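Each remark here refers to the structure printed beneath this line.
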Amino acid sequence: MTGEPMTGGVNTVLRIGDRVHRPAGEWTPTVHAVLEHLAAKDFNGAPRAHGFDAEGREIVDFVPGDVPGSETVVSDEALAEVGALLRGLHDATADFVPPSGATWYFEPREPSEVICHGDVAPYNTVFRDGRPVALIDFDTAHPAPRVWDVAYAAYRFVQLVEDGAPPEEQARRLALFVDAYGLGARDRAVLLDTVIARLEHLVGFMRRQAAAGHPAFSRHVAEGHDRYYLGNIAYLKRHHAVLEGAMKKSDSL
């Protein structure tokens, strides 16, 4: 089968016309059930699933547009629209009932309020004319609290990193993001601790996969990605008060 190879951070996929053929895992049928549910809800911010090809790869829509790199800094307007897009995804999955024997890439987390995407980041978001239109790569979708997804999306899109914008600017954009999502006071109070927990989860997962011989994660560990995330955890702890204060202030307006 001929097509256009497309290389991502972990998988190599093949584009054939308006469809993408991706490596499948034991979780893929469950992910397809999620995508089918989103389609039935008329949520247009995700690709549609189209089963599997003769080689066992999953087939999903190719969503045209631009997919930026992990360190991309988007405009305030685009940041707010990502928050709204994520809220739409969560609201559409609030009544999703997993199929019998559902298998997930990441273990479900309680309380299972919605289906989280699991890896909301610039590299998994399609933009057109600078505006986010869809999330892609739902491999890591799993039941979890809303704040679990919001936390990682905020980390990636606000760029809550030591070598990013000054903490005060990060705080302003963080407040903008959670306001656009409509995050409640209870979740705002735990958001930064959840970002830290999510990064700790990522480091642990990455190291376990590398130890098991996964080539992409082995490369990431060799390149020091795990140490980078640990450095950002320390950074978030140092500036916790500034970042959290901005969210509380915006929630009171």
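Data table
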{"quantity": "Top-ranked residue of region 227-245 - restricted to ones that are crowded, with 17+ Cβ neighbours inside 10 Å and more than 16 Å from residue 202 (Cα to Cα), ranked as modelled with the lowest pLDDT", "calculated": "244"}
{"quantity": "Condition check for residue 143: in contact with a Pro (Cβ under 6 Å, 6 or more places away or on another chain) and in a strand (DSSP E or B)", "calculated": "yes"}
{"quantity": "Residue in region 2-17 that is touching a residue at least 24 places away in the same chain (Cβ under 8 Å), surrounded by 15 or more Cβ atoms within 10 Å (Cβ to Cβ) and at positive phi present", "calculated": "no"}
{"quantity": "Failed item, numbered, when residue 95 is tested on (1) more than 29 Å from residue 206 (Cα to Cα); (2) in a helix (DSSP H, G or I)", "calculated": "(2)"}
{"quantity": "Qualifying position, being crowded, with 19+ Cβ neighbours inside 10 Å and not aromatic (Phe, Trp, Tyr), among 67, 82", "calculated": "82"}
{"quantity": "Test: residue in region 64-87 that is basic (Lys, Arg) and free of Cβ contacts under 8 Å to residues at least 40 places away in the same chain", "calculated": "no"}
{"quantity": "Exclusive hit being of a type outside the set (Lys, Arg) and under 30 Å from residue 179 (Cα atoms), set 51, 69, 25", "calculated": "69"}
{"quantity": "Test set (1) β-branched (Val, Ile, Thr); (2) in a helix (DSSP H, G or I); (3) touching a residue at least 24 places away in the same chain (Cβ under 8 Å) - residue 161 fails condition number", "calculated": "(2)"}
{"quantity": "Filter result (within 17 Å of residue 151 (Cα to Cα) and under 20 Å from the mean Cα position of the chain (by Cα)) within region 207-253", "calculated": "229, 230, 232, 233, 236"}
{"quantity": "Which listed residue, of 106, 43, is assigned by TED's automatic domain parsing to the domain that holds residue 30 and either under 18 Å from the mean Cα position of the chain (by Cα) or at pLDDT 95 or above (or both)", "calculated": "43"}
{"quantity": "Complete set of residues in region 28-40 that are touching a residue at least 40 places away in the same chain (Cβ under 8 Å) and surrounded by fewer than 16 Cβ atoms within 10 Å (Cβ to Cβ)", "calculated": "none"}
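The values are calculated or read from the model by the stated rules, or taken from the named source; none is laboratory data. Keep in mind that what you see is a predicted model, and the values were worked out from it rather than measured. Virtual Cβ from ideal backbone geometry, glycine too; neighbours counted across all protein chains shown.
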